[in-house]
1. Residues that are crowded, with 20+ Cβ neighbours inside 10 Å: which strands (runs of 3 or more DSSP E) entirely in segment 53-127 hold 3 or more of them?
2. Tally time: how many residues in segment 286-309 are more than 29 Å from Glu222 (Cα to Cα) and either within 21 Å of the chain's Cα centre (by Cα) or at pLDDT below 95 (or both)?
3. If I filter segment 214-230 down to residues being assigned to a strand (DSSP E or B) and either over 14 Å from the mean Cα position of the chain (by Cα) or not acidic (Asp, Glu) (or both), which single residue comes out as farthest from Leu309 (Cα to Cα)?
4. If you check Gly91, Gly160, Gly127, which single one turns out to be on the phi > 0 side of the Ramachandran plot and either at pLDDT 95 or above or under 15 Å from the mean Cα position of the chain (by Cα) (or both)?
5. Residue check: is Lys175 on the phi < 0 side of the Ramachandran plot, surrounded by fewer than 19 Cβ atoms within 10 Å (Cβ to Cβ) and part of a loop (DSSP other than H, G, I, E, B)?
6. Give just the number: which of (1) over 30 Å from Gln126 (Cα atoms); (2) surrounded by fewer than 17 Cβ atoms within 10 Å (Cβ to Cβ); (3) hydroxyl-bearing (Ser, Thr, Tyr) does Ser180 not satisfy?
7. State which residue pairs qualify: first residue under 12 Å from Gly241 (Cβ atoms) and inside segment 292-303, second residue aromatic (Phe, Trp, Tyr) and not in a helix (DSSP H, G or I) in any location, beta carbons under 8 Å apart, and separation of 6 or more residues or different chains.
8. Filter segment 197-217 for residues that are surrounded by 12 or more Cβ atoms within 10 Å (Cβ to Cβ) and either of a type in the set (Gly, Ala, Ser) or not assigned by TED's automatic domain parsing to the domain that holds Met254 (or both) and give the result.
Amino acid sequence: MKRKTLILPGIIVLATACSGPASNNTVAATDTKRDTISCVPGSSKLDVQTIEQVTGMKGVEKNGEYKITVPQNDLNVVVDGFKIIPPMGLGSWAAFTPCADTAMVMGDIIITENDLKPVQQEVIKQGFKITAIHNHFVRNHPNVMYMHIDKAGAVKDLAGGVKAIFDKVKESRGKDPKTSPADSVVNTINAVALDSIIGHKGELSKGVYKYTIGRPDIQLREHGIPVSTFMGFNTWAAWQGTPERAAVAGDFTMLENEVAPVIRALVENNIEVVAVHNHMVHEEPRVFFLHYWGVGPAMDLAKGLKAALNQTGKK
């Protein structure tokens with residue numbers, strides 16, 4: 001077996017070539033290597049000015065990465081009597097991370113049933129990969145889905161693709177989702193009590209109290225490029241309601257041996273598991289994502305969530 005290193009502008013691609021007959025297992029391994037992109041170490045820096053100029057949108061920069069978020073204010077989504085607003089998981093986003101003189105974009109685009117066909121066609125037209133299409137909720141009216149995308153390449157090209165995808169959503173809806181009035185929800189839950197149970201501190205936005213919890217124990221890479229908490233590799237929990245009747249929605253990120261224990265802990269504590277899926281397809285190590293929804297006394301839900309959190313990150 002011979003391994004060849006192909007050097008592209010700012011990117012190293014490792015390809016494995018085999019001499020003689022190959023087994024199915026060998027072919028699978030070769031395909032994996034062929035799709036692996038490793039960044040040249042050094043002074044990788046995003047051209048944020050180009051991203052803003054091409055997309056026409058302002059985002060947030062953190063630790064050399066850049067994220068654009070589009071709140072879906074136009075969608076009046078209700079689940080079990082609770083209104084789902086952007087801080088509760090109703091915001092589309094696209095995040096850029098540098099890779100030498102190129103970059104990688106990962107994103108999560110919220111779509112209605114009517115948006116699905118035209119938006120996924122635009123994603124493919126722009127050369128992005130669709131890595132997941134799934135739900136976050138059940139009994140949600142109207143029904144919404146979440147489409148994960150990724151692509152590596154030149155920053156200007158990536159930014160143009162992101163703009164085209166967000167423009168296609170606007171075209172499908174007949175309006176710009178973010179221009180509708182922002183809403184807020186009621187939240188009288190004791191945040192200090194929640195923090196003491198969860199073991200983290202959240203942030204309040206429009207009545208939603210949200211935790212974003214990273215996985216520093218896992219050095220995740222997609223196409224050989226590091227994926228940070230800012231790029232969507234995190235566990236989160238968003239709360240609204242009252243102490244007596246609260247709602248919590250969120251996402252768990254798990255290694256394969258954590259999936260079953262997390263599901264069991266949530267279900268045994270009266271929290272519904274509504275989706276289990278991938279967000280990426282070429283990640284290393286292999287990770288899974290789980291969406292959940294719970295309604296009940298706030299502190300009971302918090303204890304159940306903590307029981308599930310305790311099943312992750314074990315040595």
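1. Values: elements: 60-62, 65-71, 77-79, 82-84, 91-99, 102-112.
By residue number, 65-71, 91-99, 102-112.
2. 1
3. Ile225
4. Gly127
5. In short, yes.
6. (1)
7. Between residues of segment 292-303 that are under 12 Å from Gly241 (Cβ atoms) and residues that are aromatic (Phe, Trp, Tyr) and not in a helix (DSSP H, G or I), the close pairs are Val295/Phe82; Ala298/Trp239.
8. Gly202, Ser205, Gly207, Gly214
The values are calculated or read from the model by the stated rules, or taken from the named source; none is laboratory data. Since the structure is predicted, the reported quantities are computational estimates derived from the model, not experimental observations. Don't worry about glycine lacking a Cβ; one is built from the backbone with ideal geometry, like all the others, and counts go over all protein chains shown.
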